[in-house]
Amino acid sequence: MPKPIVAVVGRPNVGKSTLFNRLTGRRIAIVEDTPGITRDRLYADGEWNGREYTLIDTGGISMDAEDPMQVQIRIQAEVAMEEADVILIVCDATQGVTPNDIELANQLRRAQGTPMFLAINKADNIKRAQDSSEFYSLGLGEIYPISALGGRGVADLLDDIVEAFPAMVPEPQIESDVVRIALVGRPNVGKSSMLNAILGEERAIVSPIAGTTRDAVDTPFEWDGRKIVLVDTAGIRRAGKIQGTVEYYSVLRATRAIERCDVAITVVDSIEGLLDGDKRVAGFAHEEGKAAVIAVNKWDLGRAKALATYPQKAPMTAVTQHIRDEMPYVSYAPVAFCSAKACSGIGPLIEACLDAADANAMRITTGELNRIFRDAVDARPTSHKGHTLKLRYATMVSVKPPTIILKVNDPESLHFTYLRYLENQLRKHVAFEGTPVKIIARRSNAKDED
């Protein structure tokens with residue numbers, strides 16, 4: 001079943017980030033830059049008493065004159081109420097009850113049925129813990145004086161949070177031969193229209209209003225005898241003036257669908273062109289190791305724009321190259337041009353998805369892998385601090401995505417650029433189009449030398 005969601009809300013500088021790291025059990029930067037992928041990491045998984053959960057940080061409520069406090073409070077509270085299984089409100093024991101705390105509490109009280117926990121942070125000593133009793137005036141129930149930095153009171157808080165999680169319900173078993181395809185992308189790029197075009201009927205509400213689709217909807221169907229489950233997801237919204245809060249929650253819905261799928265179709269609006277949000281979505285699928293296809297939608301209208309933008313090139317070729325240049329981390333993903341509204345290009349899109357799913361689950365024999373990689377190493381030797389790389393053997397340890405272990409004498413010889421070279425050589429011999437490939441170098445031991 002999906003992990004329960006714990007939403008952390010509160011003013012800036014109350015220690016939400018410190019508590020975030022404490023509850024996930026490790027130090028996590030709230031904003032983490034991954035080369036080639038723009039991604040604001042506002043969430044992480046945690047575990048307590050055998051229950052896993054997803055912790056999310058909504059960002060602080062600020063008094064910025066250009067970003068009115070009341071608007072931020074309302075949006076953060078509404079989004080938290082809509083998405084979270086548990087809401088964790090963080091206040092500052094050293095500041096006492098503030099007008100911001102009161103306004104946030106007033107908004108959150110409307111979340112009927114959603115368990116709420118009021119953590120009074122920075123209660124580092126007995127006096128501050130005792131003084132925290134004033135927070136009962138917020139009317140949110142029991143308070144939890146804690147110290148996120150020192151860990152005081154956090155275990156008791158977690159015990160009660162976990163107790164409030166929904167009961168665990170096993171997910172229904174999906175037949176092994178079923179291909180799960182998720183439609184993901186920014187709002188209003190045509191995902192619901194594409195779902196309808198694929199199914200040949202009006203299964204999803206189609207609306208020009210961004211954000212019409214609120215939840216993931218699974219729809220089973222067959223394509224030339226292949227069983228498929230299609231997942232339509234809520235769009236990933238722009239951050240706007242609320243520091244990523246609304247965007248994050250929409251992303252969370254999409255990432256949940258991506259976690260459950262075999263193939264992620266990143267839908268791009270050919271009229272608007274490739275935007276940062278598109279890159280972010282494709283990055284999620286890549287990081288999850290899913291097969292991927294880029295669908296350039298509304299091509300019946302976008303082709304004219306491509307002709308004007310790239311007058312010296314064939315439109316499809318030019319747009320494909322632009323996507324490759326902007327998203328090199330998914331260079332393996334086929335690009336399909338289609339129009340959901342005109343129902344054109346849908347067949348090739350689905351065929352590309354099925355081929356990508358097959359590639360994602362493909363196994364290669366140890367003998368073939370060793371031949372490919374040994375030839376690659378022989379053709380382009382590398383070394384590190386005087387040690388020439390020696391490949392002992394290669395083996396595929398898992399699929400979805402294809403994951404290969406290389407046993408070598410010196411793993412440090414395998415710089416990421418050399419790993420990329422080896423992956424490119426592998427792709428020349430094996431049809432891995434549409435799927436990422438993980439190559440992991442490990443030091444060989446005495447047994448490997450035999």
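The values are calculated or read from the model by the stated rules, or taken from the named source; none is laboratory data. This structure is a prediction, so every number in the text was calculated from the model and none was measured. Positions of Cβ are backbone-derived with ideal geometry, glycine not excepted, and every protein chain shown enters the neighbour counts. Heavy atoms of the whole protein, side chains included, go into the accessibility calculation; ligands, DNA and RNA do not. Shrake-Rupley method; radii C 1.70, N 1.55, O 1.52, S 1.80 Å.
If only the Cβ of Lys and Arg carry +1 and only the Cβ of Asp and Glu carry -1, the dipole of the stretch 362-432 around its Cα centre is close to 100 debye. Between R226 and K390, the contour length at 0.36 nm per residue exceeds the alpha carbon distance by 54.7 nm. From the alpha carbon centroid of the stretch 385-450 to that of the stretch 261-317 is 30 Å. Scanning residues 5 or more positions from A333 or on other chains, those with amide H under 5 Å from its amide H are G434, with H placed 1.01 Å from N in the peptide plane. Judged by the mean number of other Cβ atoms found within 10 Å, the most tightly packed of the peptides 329-340, 421-432 leads the ranking 329-340, 421-432.
Rolling a 1.4 Å probe over the protein heavy atoms leaves I126 with an accessible area of roughly 110 Å². Sorting 269-275, 313-319 by their mean Cβ neighbour count within 10 Å, with the most densely packed peptide first, gives 269-275, 313-319.
Placing a label point 7 Å from the Cα of H415 along the Cα-to-Cβ line, the residues of the stretch 359-384 whose backbone N sits under 15 Å from it are 380-384.
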